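The values are calculated or read from the model by the stated rules, or taken from the named source; none is laboratory data. Since the model is a prediction, treat every value here as computed from it, not as a measurement. A quick note on method: Cβ atoms are made from the backbone with ideal geometry, for glycine too, and the neighbour counts reach across all protein chains shown.
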Amino acid sequence: MSLASEERTIIMDSIRDIPDFPKPGIIFKDITTLLGNPKAFSVLMDHLTNRYLGYDLDYVAGIDARGFIFGSILADRLGIGFVPVRKKGKLPYTTVAEKYSLEYGFDEVEIHIDAFGEKKGAKVLLVDDLIATGGTAKAAVNLINKVGAHCIEACFVMELGFLNGREGFESEVYSVITID
């Protein structure tokens with residue numbers, strides 16, 4: 001299920017461009033204005049809910065921090081559990097970690113070792129606000145699969161297509177909006 005043209009316009013018009021953030025030459029796509037726009041936010045969440053109703057998911061996992069917003073609301077709407085994928089050192093229980101490359105160095109994300117309970121092969125949807133180079137999301141997919149679940153799709157509100165971040169995923173990738 002893809003986004004209707006009118007729905008795309010509503011969502012895109014609610015996202016603010018911030019030039020030269022976080023550094024000169026970058027145009028930052030600020031979704032805080034989408035979150036503050038009840039109509040646009042509802043259009044987005046209705047679209048995601050309708051898309052994933054028939055997927056028979058067990059969990060939604062969201063990437064720290066904006067993925068928590070979209071993912072937890074979607075999980076609630078689907079009547080399933082939510083699992084946070086956090087930056088290193090933020091989860092209180094035993095975790096599994098995955099490193100990924102940044103432009104200059106590495107970072108790490110973690111998930112609780114028992115995040116998906118006793119359900120082996122749990123079907124999981126990964127959600128985040130943006131896919132750029134894809135490093136964080138690929139690490140999150142690896143973590144989900146490493147703890148015995150199965151990430152069936154990675155979903156993003158927005159994709160910066162010109163960065164080719166979707167290449168090399170071990171799951172399907174869906175982006176509500178792609179910017180080339």
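What the table below lists for this structure:
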item	result
Considering residues of region 156-180 that are among the β-branched types (Val, Ile, Thr) and under 17 Å from residue 43 (Cα atoms) only, the residue surrounded by the fewest Cβ atoms within 10 Å (Cβ to Cβ)	178
Residues of region 38-57 classified as within 16 Å of residue 154 (Cβ to Cβ) and surrounded by fewer than 19 Cβ atoms within 10 Å (Cβ to Cβ), total	2
Residue under evaluation residue 57, criteria (1) part of a loop (DSSP other than H, G, I, E, B); (2) more than 16 Å from the chain's Cα centre (by Cα), criterion not met	(2)
Region 73-87, residues that are assigned to a loop (DSSP other than H, G, I, E, B) and either modelled with pLDDT under 95 or of a type in the set (Val, Ile, Thr) (or both)	80
Residue within region 6-28 that is modelled with pLDDT under 95 and either closer than 21 Å to residue 125 by Cα or touching a Leu at 6+ places or on another chain (Cβ under 6 Å) (or both) present	no
Breaking point among (1) in contact with a strand residue (DSSP E or B) (Cβ under 7 Å, 6 or more places away or on another chain); (2) over 21 Å from residue 29 (Cβ atoms); (3) polar (S, T, N, Q), for residue 136	(2)
Within region 1-16, considering residues that are assigned to a loop (DSSP other than H, G, I, E, B) and not polar (S, T, N, Q), the one farthest from residue 153 (Cα to Cα)	15
Residue 128 vs. criteria modelled with pLDDT of 95 or more and within 22 Å of residue 1 (Cα to Cα)	yes
